[in-house]
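For reference, the structure discussed in these notes is given below.
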Amino acid sequence: MSSKINHIFILHAHLPYINHINSNYIEENWYFENVVESYIPILGMIERLSNDGINPKLTVSLSPTLCSMMENEILEKKLKRYIELRLKLIESETEINEDERIIALLDFYHKKYLEALEFLNKYSGDLITPFKLYQNQGLIEVITTPATYPIIPLTLNRETIDAQITLASNDYKERFSKDLNGIFLSECAYDSRVEPYLKKNSIKYFFVDENAVDKTKNSPYNSYKTDNGITFFVLDYLTSERIFGEYSYLSNPLYRDFYRDIGYERDMDYLKKFTLSDQRIPTGIKYHKITDVNKPLKDKEVYEIDKAFDQADLDSKSFLSDMIKRFENYQGDPVSVSCFNMELFGHRWFEGVAFLESFFRNIRAQRYPVQMYTPSEYISNNSSPYILRPSISSWSDNGFFDKWLNDKNDFIYPYLYEVTRKYIRTVNRFINSSISADVDKALKQLTREILLMQSSDWAVLINYDTHKDYAIFRLKTHYENALKIINDLNSGSLDFDFLKRIEQENGVFHSLDWKSFATKSSF
Amino acid sequence: MSFNLTTRSILDENYCLVLPKNSCEVFVFWKFSDFKISQFEKGYYLKNIIFRVLDENKNTVADVPCEWARAKFYISLPKFVNSITVELYAENSNGKEKISVSNEINISYEKEIKKEYTRI
């Protein structure tokens, strides 16, 4: 029987880089919603836990594209405007609603948005700073993902894998002022071709889905080393099943219903003033509880916040008890790795942050035999004696890549391959030449366009038909931008207005050095 | 512009590449140079090209015919293999001509026993 359970809890956050200068795309709201409903509440939770002497030892995975958005001044201004408009919407709703339960809820929302605004002001709008601060205080360990979140097994050139890992590592060092220890491979998609580049960048650990190990031979509750000496952890899918599965916490009738939102109910002329959109979009202002998952939205009952938050506390205790029960007969001390998208907590699951906070508090208050670890700390205390090569895999539904590669989205890969090859030819042409500052700038932007096109988000959005037009628009934009820069470079006539405009919009990775990509690998 | 796939390569090269979809199916796409396309169009080759699927030991797993102009194709693997490579052949009255050899990809079969495992 195990004496204690070693637990690593990962919150993984990624968004594709979305930054439009002169227009409001509704896709930008993904970032604003996640900041207000998840990132800031989670940061607030870490601060409260720390104030009470509880070290959560959370692992936080932040993709480089998301980090770039967190530091972007244009998005910072838009985020503040988003929060201010939501506050006005809440005030307007308070005037027109009479139900006391809804008024109490609106009061809660108002406080929540005000707190978000105060939090942003406290850190001058820069959300990287608190993550960095908490990491330096030993409360969390921040890791990252490949630069623009490509699916490594669907990446054709080894050189592209090199560039994506190396850029992520350099970007992390610059941003967090320390070496990168661990990486969360995009969608946990593993392919052994990535290992030399992890080793080259001194990355000490990564994570694989349970599909990557043959569990009839190897326990998913050990850490392992690859033959390159890099540690890997296996995600414990049973923990996520308690949250998402058939009888999961997420479907509790008391919890707030995610789908019923006043953005789909109020008059469009009324909403437009607050959403600045001609389309119906969620506002985050929701008044109803799940009630019964089988009930239509119109029959949902009014949400009662106190009851829901009490339930979150009960569920956190149940989560811990279940975990302990599962390992009752386990020989040795298991390491269980829970991993969730950060936006699940707060955004998708309104009570999720309360659940998390109770989870950390209850470990101490209830004296559960659970030892929280950051991966780096675990490795330094427990060197794995097991050497194993994981299988090619992802954390997708069936463990493979069908979501990113099927009849709907497979056109991406030939286009991506050819434009990347053209990029290689172009950088190789300039690598040993003396070039002007303008050409250097153009090559830098060209590299950005190629990297942004490699993001796996476009394939997912096309696969699910959600925001498909936007995904195709982005793919086309990056493809056409890249070809135009290549043609302009070849003809010796750069379009400076064009370059300035796309640099403003797609100015991710400020310190990107295209020369280092070319000399080492050229993709 | 639109993202309509054709076999014409903007690099003016002949190649085929393969990507893993799942343990039973791989995605192959191919491009031809302008010269090779003109050969197909003029009937120098038969309409169908052939994909020879090779396993990790370079044994032939399957020969799969496909129309040259399709630009992409999903190949169902007839058996579990650890890794595969695809060779692209064009055919005419003189016999088969190897046009291109793809990249090699790893495909594990271990996941197939996933559901049979009793945890702990």
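The values are calculated or read from the model by the stated rules, or taken from the named source; none is laboratory data. Predicted model only: the values in this text are computed from it and were never measured. Positions of Cβ are generated from backbone atoms using ideal geometry, with glycine treated the same way; all protein chains shown enter the neighbour counts. Just so you know, the surface numbers come from the protein's heavy atoms only, side chains and all, with ligands and any DNA or RNA stripped out. Shrake-Rupley method; radii C 1.70, N 1.55, O 1.52, S 1.80 Å.
For the reader, a short list of remarks on this structure follows.
- Residues in region B:62-77 that are under 21 Å from B:S23 (Cα atoms) and either within 14 Å of chain A (Cβ to nearest Cβ) or of a type in the set (S, T, Y) (or both): B:K72, B:F73, B:Y74, B:I75, B:S76, B:L77.
- When A:T94 is tested against (1) surrounded by fewer than 17 Cβ atoms within 10 Å (Cβ to Cβ); (2) touching a residue at least 60 places away in the same chain (Cβ under 8 Å), just one condition goes unmet, and that condition is (2).
- Some residue of region A:58-66 being modelled with pLDDT of 95 or more and open to solvent by 10 Å² or more (accessible area, probe 1.4 Å): no
- Contact map, region A:411-423: first residue farther than 14 Å from B:W30 by Cα and at the interface with chain B (Cβ under 8 Å from one of its Cβ atoms), second residue among the β-branched types (V, I, T) and open to solvent by less than 10 Å² (accessible area, probe 1.4 Å), Cβ cut-off under 6 Å, separation 6 or more or different chains; pairs are A:K422/A:I486.
- Look at region A:213-240: where a residue is more than 10 Å from chain B (Cβ to nearest Cβ) and at pLDDT below 90 and a partner is open to solvent by 40 Å² or more (accessible area, probe 1.4 Å) and in a strand (DSSP E or B), sitting 6+ places away or on another chain with Cβ atoms under 8 Å, you get A:D227/A:I387.
- Residues in region A:59-100 that are assigned to a loop (DSSP other than H, G, I, E, B) and closer than 30 Å to A:I8 by Cβ: A:S63, A:E71.
- The residue that is surrounded by the fewest Cβ atoms within 10 Å (Cβ to Cβ), among those in region B:97-110 that are β-branched (V, I, T) and farther than 19 Å from B:E13 by Cβ, is B:I105.
- Residue in region A:106-116 that is open to solvent by 50 Å² or more (accessible area, probe 1.4 Å), farther than 29 Å from A:I305 by Cα and assigned to a helix (DSSP H, G or I) present: no
- Long-range neighbours under 6 Å by Cβ, at least six apart or interchain, first residue open to solvent by 40 Å² or more (accessible area, probe 1.4 Å) within region A:242-265, second at pLDDT 95 or above and β-branched (V, I, T): A:P253/A:I290; A:P253/A:T291
- For region A:179-209, filtering for residues that are touching a residue at least 40 places away in the same chain (Cβ under 8 Å) and over 12 Å from A:I230 (Cα atoms) leaves 11.
- A:Y303 vs. criteria exposed (fewer than 13 other Cβ atoms within 10 Å of the Cβ), farther than 26 Å from A:H7 by Cβ, away from chain B (no Cβ under 14 Å) and touching a Leu at 6+ places or on another chain (Cβ under 7 Å): no
- So A:I431, is it in contact with a strand residue (DSSP E or B) (Cβ under 7 Å, 6 or more places away or on another chain), away from chain B (no Cβ under 11 Å), surrounded by fewer than 22 Cβ atoms within 10 Å (Cβ to Cβ) and of a type in the set (V, I, T): no
- Among the residues listed as A:F176, A:F184, A:F244, the single one being away from chain B (no Cβ under 14 Å), more than 19 Å from A:N381 (Cα to Cα), touching a His at 6+ places or on another chain (Cβ under 7 Å) and of a type outside the set (V, I, T): A:F184
- Per-region count, region A:140-175, residues closer than 30 Å to A:E84 by Cβ and not basic (K, R): 2
- Qualifying residue in region A:379-400 (condition: modelled with pLDDT of 95 or more, open to solvent by 10 Å² or more (accessible area, probe 1.4 Å) and touching a strand residue (DSSP E or B) at 6+ places or on another chain (Cβ under 8 Å)): yes
- Count - residues of region B:27-63 that are in a strand (DSSP E or B), of a type outside the set (D, E, K, R) and open to solvent by less than 50 Å² (accessible area, probe 1.4 Å): 12
- Residue within region A:193-209 that is open to solvent by less than 10 Å² (accessible area, probe 1.4 Å), more than 14 Å from every other protein chain (Cβ to nearest Cβ) and out of contact with any helix residue (DSSP H, G or I) (no Cβ under 8 Å at 6 or more places or on another chain) present: no
- Filtered by the rule that a residue be part of a strand (DSSP E or B) and open to solvent by 70 Å² or more (accessible area, probe 1.4 Å), region B:64-96 gives B:P65, B:E67, B:S76, B:K96.
- Screening region A:317-342 for residues that are away from chain B (no Cβ under 12 Å) and not in a helix (DSSP H, G or I) and picking the one that is surrounded by the most Cβ atoms within 10 Å (Cβ to Cβ) gives A:V337.
- Filter result (at the interface with another protein chain (Cβ under 9 Å from one of its Cβ atoms) and either of a type in the set (A, V, I, L, M) or assigned to a loop (DSSP other than H, G, I, E, B) (or both)) within region A:392-403: A:I392, A:N398, A:G399, A:F400, A:F401, A:D402
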